[in-house]
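K.L.:
A single structure is presented below for examination.
The values are calculated or read from the model by the stated rules, or taken from the named source; none is laboratory data. Please read all numbers here as calculations on a predicted model, not as lab measurements. We place every Cβ from the backbone using ideal geometry, glycine too, and count neighbours over all the protein chains shown. We work out accessible area using only protein heavy atoms, side chains counted, and drop any ligands, DNA or RNA first. Shrake-Rupley method; radii C 1.70, N 1.55, O 1.52, S 1.80 Å.
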Amino acid sequence: MTWLDNDTAAALRKDFANALAPTHTSAWRDAFASVPRHAFVPSFYAQGPDGAWKNVGPDDAGYLEAVYSDRALTTQLDERGIPTSSSSEPSVMLAMLDALDAAEGDTVFELGTGTGYNAALLSHRLGEQNVTTIDVDPDLTGAATQRLADAGLHPFVGTGDGAGGWPDRAPYKRLIATAALRAIPDAFLKQAAPGAIIVTPVGYGILRVAVTAPGHGTGWFLPTPAHFMPRRTPSAPPAFAEAEAAEPTTTATAPGDVLGRLRFPLSLALPGHTTCSWRGEGGELAAVGIWTEDGSTATAHVSGKVRQVGPRRLWDVVDTLAETFVDEPQRQEFHVSITPDRQTVWYRTQDGPSWDLSQPW
Ligand SMILES: C[S@@+](CC[C@H](N)C(=O)[O-])C[C@H]1O[C@@H](n2cnc3c(N)ncnc32)[C@H](O)[C@@H]1O
């Protein structure tokens, strides 16, 4: 393979790969040491203290150091300045690739081509002919195909909703998503080879599922926290003005818990929700907002006042979780059972607290 590379980048990349996995040898670490991330992230967006985005490229100080650090790098913004694609945090990529437990020759499907970097790592390790990667955005798949070809790699890159898989190239022994899903898509289960492994962000965690029979699987969440971009779906904006006018109730749950200890279970109980916070002049938390795509909105002030509007009472869900979990629950204590009819997450034991993952597709 010939890479567009230089000594500085190569030296930084070697240190970067060693720092990613200092205590264990991983075949994936070798892939990180070989594949030049900078070729897939020719520039990225960095947010300044005033919130404005700045494009950072090879001519800017610190560009290469940022590319060869354990940072997620935003690579695409929409017209409102909201990130729509990124190169994920390398240590999280490594944790997901390790969990995939793939060997050379395994066929793999990836939802979320993005920059093409993960597809390059997969191609390097498993063989380009075994990799199928899909992104919903044709600009991204076009650019990624070119970058992969420049690097001498030719996996199959397709454009479409990756939740449908890519039936023409199925079955897959391994399936990975690099955008957050709400559940394992039916198409993944249908296109999985017997004994396949699926690794995907669900909410703010990473779920690893072994397919045990057609349509059936069992799995658990990795300990690694995850903050992936959600799979793109249409959604209503938050109804803050309407909430402001609503009659308040009171809560015993600290609003900050939504951003801290309850963050992960809330992502299972209210799939696809979004949160925001308001802060005082000293930076202290004043209130939090939470909303879902159907327009349901809740705000909670540190005084204990809560306002809720829309079809679902979101803060009631927060209060229930606050009663269920006294401390911050560990992700790896959440398990998943999948049948063709249901995908159930359960905490610690199968008769413990549980949630059905919603399946909107
Ligand atoms: C975190 S980025 C992926 C990072 C990528 N694997 C890399 O190595 O650069 C998430 C990607 O998921 C894509 N995405 C979002 N919804 C999707 C969908 N329904 N189907 C396929 N791709 C989707 C986004 O366009 C975005 O590029």
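K.L.:
At R0 = 35 Å, how high is the FRET efficiency between Glu328 and Ser43 if r is their beta carbon distance? Nearest 0.05 is fine. Working shown, then result.
P.N.:
On the way: r = 37 Å, r/R0 = 1.05.
About 0.45, to the nearest 0.05.
K.L.:
Please give the helix 117-126 orientation as an angle from the longest Cα principal axis of the chain, in degrees from 0 to 90, rounded to the nearest 10.
P.N.:
50
K.L.:
Now a separate question. Order 60-66, 46-52 from most to least packed using the mean count of other Cβ atoms within 10 Å.
P.N.:
On the way: 60-66: 13.9, 46-52: 9.0.
Averaged packing, sorted descending, gives the order 60-66, 46-52.
K.L.:
Mind checking the angle between helix 90-100 and the chain's longest principal axis? C-alpha axes, 0 to 90 degrees, to the nearest 10.
P.N.:
80
K.L.:
Now a separate question. Quick one: length gained pulling His227 to Glu281 fully straight, 0.36 nm per residue minus the C-alpha distance?
P.N.:
That works out to 16.7 nm of additional length.
K.L.:
Between the DSSP loop rule and a limit of at most 12 other Cβ atoms within 10 Å, which GluC sites (Glu not before Pro) in the stretch 225-325 are left?
P.N.:
Qualifying residues, ordered by number: Glu281, Glu284.
K.L.:
Quantify, in whole percent, the carbon and sulfur part of the accessible surface of the stretch 7-221 (1.4 Å probe; protein heavy atoms only).
P.N.:
52
K.L.:
Decide, for the stretch 240-324, between rounded, prolate and oblate: order the square roots of the alpha carbon gyration tensor eigenvalues as a ≥ b ≥ c, take rounded if a/c falls under 1.5, and otherwise choose prolate if a/b is larger than b/c, else oblate.
P.N.:
Rounded is the answer for the stretch 240-324, as its axis ratio a/c remains below 1.5.
K.L.:
Continuing with this model, one more query. Between Lys54 and Lys305, what length in nm is gained on full extension when 0.36 nm per residue of separation is reduced by their alpha carbon distance?
P.N.:
86.6 nm
K.L.:
For the stretch 274-361, which whole-number percentage of the solvent-accessible area (1.4 Å probe, protein heavy atoms only) is attributable to carbon and sulfur atoms?
P.N.:
46
K.L.:
Arranged from highest to lowest average of other beta-carbon atoms within 10 Å per residue, in what order do the peptides 92-99, 213-220, 309-316 appear?
P.N.:
92-99, 309-316, 213-220
K.L.:
What angle, in degrees between 0 and 90 and rounded to the nearest 10, separates the Cα long axis of helix 314-324 from the longest principal axis of the Cα atoms of the chain?
P.N.:
Helix 314-324 sits roughly 80 degrees off the main axis of the chain.
K.L.:
Dipole of the stretch 7-221, Cα-centred, from +1 at each Lys and Arg C-beta and -1 at each Asp and Glu C-beta, to the nearest 20 debye?
P.N.:
Dipole about the Cα centre, nearest 20: 500 debye.
K.L.:
Quote to one decimal, in nm, the extra length available between Arg80 and Thr344 on full extension: 0.36 nm per residue of separation minus the C-alpha distance between them. Intermediate results must be reported in sequence, preceding the final value.
P.N.:
Working: separation 264, 0.36 × 264 = 95.04 nm, distance 3.55 nm.
Contour length minus the Cα-Cα distance gives 91.5 nm.
K.L.:
At 1.4 Å probe radius, can you tell me the per residue accessible area of the chain in Å²?
P.N.:
45
K.L.:
List the lysines whose Cα lies under 18 Å from the Cα of Lys173, skipping any in the same chain that are fewer than 8 positions away.
P.N.:
Lys190
K.L.:
Then there's this: Over the chain, with a Gaussian network built from C-alpha contacts below 10 Å, which listed residue (Asp161, Asp59, Asp137) shows the highest mean-square fluctuation?
P.N.:
With Cα springs under 10 Å in the chain, the top fluctuation among Asp161, Asp59, Asp137 is at Asp59.
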